[in-house]
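Quick notes on the structure that follows.
The values are calculated or read from the model by the stated rules, or taken from the named source; none is laboratory data. Just so it is clear, the structure is predicted and the values come from calculations on it, not from any experiment. When we count neighbours, we look across all protein chains shown, and the Cβ atoms used for this are built from the backbone with ideal geometry, even at glycine. What goes into the accessible areas is simple: the full protein's heavy atoms, side chains included, and nothing from ligands, DNA or RNA. Shrake-Rupley method; radii C 1.70, N 1.55, O 1.52, S 1.80 Å.
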Amino acid sequence: MRLLTVLLLIALSGCSKQEPTQPTEVTANAQSQHAVGAVPDTEWVKHGLGDDEQRFSLLDQINRDNVDKLGLAWSFEMYTRRGIEATPLMVGGVLYVSGSWSMVYALDAKTGALKWFYDPQVPRSTLAKGCCDAVNRGVAYADGKIFVGTYDGRLVALDAASGKPVWETLTVDQAQPYTITGAPRIAKNNVIIGNGGAELGVRGYVSAYDIDSGELVWRFYTVPGNPAEGFENKAMEMAAKTWNGQWWKWGGGGTAWDSMAYDPELDLFYVGVGNGSPWNQSLRSPGGGDNLFLSSIVALRPDTGEYVWHYQTTPGETWDYTATQHIMLADLDIDGKKRKVLMQAPKNGFFYILDRATGELLSAEKFTVANWASHIDMTTGRPVETATARTFDGVNVIIPSNGGGHNWPPMSYNPATGLVYIPTMIFPGNFKAPSRDIDRLPKQGTYNTGFDRTALVPPNIPDIDEELASQFTGKLVAWNPVTQKEEWSLVPGRPANSGTLSTAGGLVFEGVFEELVAYDATDGARLWSAPTQSMAMGSPITYAIDGEQYIATAVGFGGGIGAEAGAISHAWEAKNRSRVLVYKLGGSHTLPPLQEEADKVMPKPTPVTASAEQVQEGMVLFQRHCSFCHGDGLRSSGLVPDLRWSQPAVHETWQDIVRGGVRANAGMVSFAQYLSEEQAELIRQYVLSEANRVFVQQSQ
Ligand code: CA
């Protein structure tokens, strides 16, 4: 026991990187320590901690016996008011956190003192180029440099000591609606970054740049382009055989906007690929086909970008079922054999175990409610879809929704418990074929799903906020990846959870709405929580300096939950207070008390002057062009204005705002190319109609 402890300390001392996979006996030993004592300085250098992206730390100074003594050590105010989704890094005593608008903060990890700040000056008018807010999920570190992908598609290398740019390169065609919100990954001498924008009509790819020079080393497209222009490589030629029609006119999608992982031993780089553009496959690829590499995990050579293998989770994707969710690597005993596996719980609701050397499917089971497929056929490796999964004549309620059974918040894996901790979501999605020609045409720059978005307003969804919110649940699931069974889960709660952090202290940390919570890793007992005063969406990490272990997380309401699924959050009255919060045992720092906010009073709306038919038309236009920021059926989270509460001045300057672009600097760009003056007025009439309805309800 003592020898193992010494070995463990040696293994940790001077440790700047944790080994990809830690031997179980060492972690089991660490698990049993529970001693409060000095711990060696321990960093968090990579997005998922190790190359394996397991987010399991050997630190155990904070453990299940003393976690109730955890208190705030310091906090840092970010002074921005959009979503925060970052996993911080800690390198050399400095905490590197990315905030909204791709800003980077370098903070003293012990005190929170600002060392430097970098603002890439992303034009605020680019906000509507993305689906889900100007968030950023983290920076990468290598060779004395911090790398950040910016919302407007640049990759910037910063000097880690000073924050001064070393190089900057444009990774996208800025004339197209590409965005970057994901964290770059380092593989050998390359920094690799993907992009987002499938909802808005782009063709996805990942690019590798030399970490020293910023030169493009390779680029791998995830879906084929127009065959008439030739294929970039054999993989694209193969992929094109699985498509029909003129998919390239729609962009095709397949954006790799979040998950990637690097296995140095197998020399493979894994990329999670997103949904189709548009979602509706019957428009994108008439006649079907698998549509490679949508919703797939693709393994590439990190030096060249050469294709090695792929596994497609959702062939012929049509429900926005991305496979961009967290990719985690581990060595597991499967059927008595040690296998090098890759794990993923993508949006579609199944937990996949693949052999990561070959891509062979080893097992797949539902980790949450899913009604689109009954099971995965292990002979073919394909899902067995339910009879009506693709029937869209009327409103088809599909679970998981386009938000997924699990989205970007990362999982973690504790080798001592053998469990993967998944932040899951359970809510329905309404899919209906378009009834108008305009929704059947390729377009770029507006929400491009190929479905009728009027399926997302009453009566197709509950009219009462609280009733609607009750349909949106989620829970932390502790999943045994070997038996492919849930070991335990927490009672359904709110779906807006952060990623999870696992530690050798026997703990799982998770942001749950406006709290950071620590659970017992073995049974999910709630051991500690602290109010975060804003939605804790960013993923917690841990590190140690001068003998003390810290837990750090970045908080701030927004993102997909805030911007798109306002229907859920409206009932929660969520607020954005963007901060970095860092905890340690005995920490006694406090957050400023929350100000009592006066009840929101709706200005009395003017009467509707349009006919009921015109108001209905206004609703159709609103759902097509405005709802993905301002909320389905006008239910916004408040992060983006809830138009029903618009002041008279907004109504008076409506055309200037909607078509004139006078609020472009706040992200509300001109919609003159999509909406005529008459159409903009019909939307205003719909807003007035709903505002009057709510006003009457409120005054009763
Ligand atoms: Ca999507």
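Structure data summary
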quantity	calculated
Contact order relative to length of the chain, as percent, for alpha carbon pairs under 8 angstrom and 6 or more apart	14
Carbon and sulfur %, accessible surface of the stretch 612-699 computed with the full protein complex present, 1.4 Å	51
For the stretch 373-378, Karplus couplings with θ = phi - 60° (6.51, -1.76, 1.60), whole Hz, Gly/Pro x	9, 7, 6, 9, 6, 6
FRET efficiency, 1/(1 + (r/R0)^6) with R0 22 Å, evaluated for residue 174 and residue 666 via beta carbons	0.65
√(5λ) per eigenvalue of the Cα gyration tensor, the chain, largest first, Å	38, 30, 24
Point-charge dipole on Cβ atoms (K/R +1, D/E -1) for the chain, about Cα centre, debye to 20	420
Under-5 Å amide H pairs with residue 487, H placed in peptide plane, nonlocal only	478, 479, 480
Per residue solvent-accessible surface (Å²) - the chain, probe of 1.4 Å	35
The stretch 612-699 - charge dipole about Cα centre, Lys and Arg +1 at Cβ, Asp and Glu -1, debye rounded to 20	260
In order through the stretch 552-558: 3J(HN,Hα) via Karplus (6.51 cos²θ - 1.76 cosθ + 1.60), integer Hz, x for Gly, Pro	10, 8, 10, 10, x, 5, x
Table column - 3J(HN,Hα) (Hz), the stretch 191-206, Karplus curve with 6.51, -1.76, 1.60, x for Gly and Pro	10, 10, 9, x, 6, x, x, 4, 5, 10, x, 10, 9, x, 6, 10
Whole-number percent relative contact order across the stretch 265-360, with pairs defined as alpha carbons under 8 Å at least 6 apart	25
